[in-house]
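Structure record follows, encoded as structure tokens.
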Amino acid sequence: MRPGQTPGGRPMSVQTVWLGIRWTSEGYRRESSAGVVVPQMPEALTSLAATAIHDVSAMTEHLRFDEHGNPMTESFSPDMALVNFYDHAAKMGLHQDKDETCQAPIVSLSLGDTAVFRLGNIETKNKPWQDIELASGDLLVFGGPSRMAFHGVPMTRPGTADPALGLSGRLNITIRQTGLP
Ligand code: MD6
Ligand code: FE
């Protein structure tokens, strides 16, 4: 794992691994880079995300169709995942996920320590926002009108992970469709 960089080039407290496709502060890159290993996207994550989209599209009309009007259950085709590790002090500032060139939802899976996930609005980094506790095993589908909402993790709750996991800290896996050809 490596400390990531913000789009402004500052170091992030969260440590990151990419699966499938590399992320850079300039966007996603299929080309390899010297000394950087990008493991394949595991089929288990692709199918977990597809199942989540299937289930959620049955619950809300917002995720039933993609931006071209095609059924989301058919067009959703994730090609990468970001695995973020939070130690007890790590946090993530409010940001928008706009490097993807399509509007497909992002599926987010949390493991280990509970996080405070701050879900803001689509216009500014300021209030209104709501704080949602994401506990181990929680899966969030981030799409529809909220896809461009500012969001972040102001803190985790150290020590709340189930000791049986053997994980001191928090893992967050976001499964994404980059829109790259
Ligand atoms: C986190 N998640 O939960 C940070 N981004 O640690 C994200 O930044 C995120 O959960 C886009 C969509 C879903 C997410
Ligand atoms: Fe994000």
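The values are calculated or read from the model by the stated rules, or taken from the named source; none is laboratory data. Bear in mind the structure is a predicted one, so any value in this text is a computation, not a measurement. Ideal geometry is used to build each Cβ from the backbone, glycine not excepted, and the neighbour counts take in all protein chains shown. All accessible areas refer to the heavy atoms of the entire protein, side chains included, with ligands and DNA or RNA removed. Shrake-Rupley method; radii C 1.70, N 1.55, O 1.52, S 1.80 Å.
General remarks:
- Residue match in the range 50-58 (condition: out of contact with any helix residue (DSSP H, G or I) (no Cβ under 7 Å at 6 or more places or on another chain), over 13 Å from Val107 (Cβ atoms) and free of Cβ contacts under 8 Å to residues at least 12 places away in the same chain): yes
- Residue within the range 98-111 that is open to solvent by less than 50 Å² (accessible area, probe 1.4 Å), more than 22 Å from Ser57 (Cα to Cα) and free of Cβ contacts under 8 Å to residues at least 60 places away in the same chain present: no
- Residues in the range 16-38 that are open to solvent by less than 60 Å² (accessible area, probe 1.4 Å) and over 16 Å from Leu109 (Cα atoms): Gly20, Ile21, Arg22, Trp23, Thr24, Ser25, Gly27, Tyr28, Ser33, Val36, Val38.
- Options Asp99, Asp66: the member that is in contact with a Gly (Cβ under 9 Å, 6 or more places away or on another chain) and either away from ligand 2 (no atom under 16 Å from the Cβ) or acidic (Asp, Glu) (or both): Asp99
- Only one entry in Ser136, Ser146 is open to solvent by 40 Å² or more (accessible area, probe 1.4 Å) and within 11 Å of ligand 1 (Cβ to nearest atom), namely Ser146.
- Considering only residues in the range 95-115 that are among the aliphatic types (A, V, I, L, M) and more than 10 Å from ligand 1 (Cβ to nearest atom), the one that is farthest from Met80 (Cα to Cα) turns out to be Leu111.
- Only one of the numbered conditions (1) within 16 Å of ligand 2 (Cβ to nearest atom); (2) open to solvent by less than 60 Å² (accessible area, probe 1.4 Å); (3) within 22 Å of Thr51 (Cβ to Cβ) is violated by Gly152, and that is (3).
- Residue that is most open to solvent (accessible area, probe 1.4 Å), among those in the range 112-133 that are within 15 Å of ligand 2 (Cβ to nearest atom) and not in a strand (DSSP E or B): Lys125
- Arg157 vs. criteria within 12 Å of ligand 1 (Cβ to nearest atom) and basic (Lys, Arg): no
- In the range 51-72, the residues that are part of a helix (DSSP H, G or I) and surrounded by fewer than 18 Cβ atoms within 10 Å (Cβ to Cβ): Thr51, His54, Asp55, Ala58, Met59, Glu61, His62
Conditions tested, residue by residue: (1) within 14 Å of Arg176 (Cα to Cα); (2) in contact with a strand residue (DSSP E or B) (Cβ under 9 Å, 6 or more places away or on another chain); (3) of a type in the set (Gly, Ala, Ser); (4) modelled with pLDDT of 95 or more.
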position: Arg10; (1), (2), (3), (4): no, no, no, no
position: Gly20; (1), (2), (3), (4): yes, yes, yes, yes
position: Ser47; (1), (2), (3), (4): yes, no, yes, yes
position: Ile53; (1), (2), (3), (4): yes, yes, no, yes
position: Ser57; (1), (2), (3), (4): no, yes, yes, yes
position: Pro71; (1), (2), (3), (4): no, yes, no, yes
position: Ala81; (1), (2), (3), (4): yes, yes, yes, yes
position: Asp87; (1), (2), (3), (4): no, yes, no, yes
